[in-house]
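Throughout, read-outs are computed from the coordinates displayed, never taken from laboratory work. In this text the structure is predicted, and so the values were computed from the model without any measurement. Cβ sites come from the backbone with ideal geometry, for glycine too, and all protein chains shown count toward neighbours.
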Amino acid sequence: MSSEDQEIDYYELLDVTYNDTREVIDKAYRRAAIRFHPDKNRDNTLEATNKFLLVSKAYQTLIDPKKKLEYDTLHKARIAAKKRYEALDTKRKAMKEELEEGEKIAKQAKKTVSTEESKQAKIERLREETLNRRRERDERLRQAAIAKSKLSSSTANNSSSSNLPPIYRKSNFNFNVYETMVLNKMLEVGKLEQEIRERESRKS
């Protein structure tokens, strides 16, 4: 029996079971032969012909005890192997799903940690920006206070010196000259007072 024949499920093809009688197999064969006869499938003759030949081969195998025994041995082994593969495949799928779920949880946890770190970094950045703005504000206030103090001092100096004649102001002030002029003024005032007293004494 060729490997190609081993891959074909004759029982499925004829829709019979291991324990069906010859009579049941004969009836199943006639139904399948009619169904797949090329004359009944003129729109797809090639496929129908191949199916018809397989039905005939399946029938000849299952009605021959020796061929049936040989086929059944291989067929059962193939079914058992298929079940083992399906079990392994199910296990692999379960392991794959478990692995994917674990990776999903790990990614979510990493994302959560990253989000928390991002929030913390944002808080620290805002805190630093607030401190910087506070320092800048305090520095502006300090500079403004210094400027105001200098302005007040400058205004006071300008105010006191502005009462003097221009020649006595700070830019060209000379204390020796100032003292001389004050003394001269005092002498002039004294002379005037002396003259007034003399005039008054003459009148009397």
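Once C-alpha pairs closer than 8 Å and six or more residues apart are averaged by separation and normalised to the residue number of the range 3-108, the relative contact order reads 24 percent. Taking Cβ atoms as reference points and 15 Å as the exclusive limit, the residues near Lys111 contribute a net charge of +1, counting Lys and Arg as +1 and Asp and Glu as -1. Summarising the label geometry, the points placed 7 Å from Cα in the beta-carbon direction at Ile34 and Ala147 lie 11.1 nm from one another. Taking Lys and Arg as +1 and Asp and Glu as -1, the other residues whose beta-carbon sits under 13 Å from that of Glu47 total +3. Run the paramagnetic zone check for Glu12: 7 angstrom along Cα to Cβ, then residues of the range 70-95 with backbone nitrogen under 13 Å. 75-76, 78-80, 82-83, by backbone N distance to the label point. Ignoring aspartates and glutamates fewer than eight residues from Lys150 along the same chain, the ones with Cα atoms less than 19 angstrom from its Cα are Asp138, Glu139. FRET efficiency for the Asp43 to Glu98 pair, using the beta carbon distance and R₀ = 45 Å, is estimated at 0.40. Here the extension length gained between Arg199 and Leu126 equals 17.3 nm, from 0.36 nm per residue of separation less the Cα-Cα distance. Charge tally around Ala33: other residues with Cβ under 13 Å, Lys/Arg +1 each, Asp/Glu -1 each, net +4. Within a straight-line Cα-Cα reach of under 30 Å, Lys185 can be paired with the following lysines, leaving aside sequence neighbours fewer than 8 residues apart in one chain: Lys170, Lys203. Bridging of Lys111 to aspartates and glutamates at a Cα separation below 19 Å is possible for Glu100, Glu101, Glu103, once same-chain residues fewer than 8 apart are set aside.
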